[in-house]
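Throughout, read-outs are computed from the coordinates displayed, never taken from laboratory work. Source: prediction; values computed, not measured. Cβ placement follows ideal geometry from the backbone for every residue including glycine, while neighbour counts extend to all protein chains displayed.
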Amino acid sequence: MPPNELCNAYDAAASNSNACKPIHKPPEPETCTEQQLTKELHIAPMLNYSTREFRQLLRILSKRAVVWTEMVVDDTIRHCKPSNLDEFLGYDAEQHPIICQIGGNSPAACGDATGVVLDTYGYDEVNLNIDCPSERVSGKREFGAVLMTKARLAVEIVKEMQLRSKSFEGDAADV
C-alpha cells in the first residue's frame, strides 16, 4: 500500500467509533511540592570520571545538579605551580553549583588548599574527603576513611579549613 493510502486508511480507522482506544487514561502530571523542588541531586566525585568535560556534560543535562570535582590532594594544590593549577581546579562558569573535594590529613595543608579553592577559584563549597576506603588514599597517605578513626584530627582539619577561607561565614568553634 502506498504511503498516502496508508495514511488515509489510518485516518478513516481513527475516526471510526470502533477504532482501538487506550485501555486506561494516563495519570495527570503531579505538581511538584516545595520539598521536591529543593532536593538536590549531587554527582559525587568519581576518580577518572569527574573531569571538567564530564561535569560540563552533566551541566548540559541538568541545571539543578550539583557537580563535584575528583578528589584533589591538599599537597597538589599547595605545591603545584599556579600556571598548572587549572588542570586540577579549573572549571567553566556554567558548572555552578560546583564543589571541590579535598583530600589530606594536615590541618595546615587542607586549610591552605581551601583558601585557594574558595577564594581564588570561586568554588561554591569545599568538602573534606573523609570516607574514601581506597588503600591508596587510606593506607600510606592516611586520609579518606582512616580519618573516621581519627576524629580529633578530622575536627582540627575542618576548623583550619574554615579559618583559612575568607568565604566562610560562621564560627569554626562550632565544628
Long-range amide H partners of Trp68, meaning residues 5 or more apart or on another chain whose placed amide H is closer than 5 Å, are Ile43, Ile99
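Within a Cβ distance under 14 Å of Ala108, other residues only, what is the Lys/Arg minus Asp/Glu net charge? Can you show the working numbers first?
On the way: positive: Arg78, Lys159, Arg164; negative: Asp74, Asp75, Asp112, Glu156, Glu160.
Computed value for this residue: -2.
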Label model pair Glu53, Glu94: point-to-point distance (7 angstrom along the Cα→beta-carbon line) in nm is 1.6
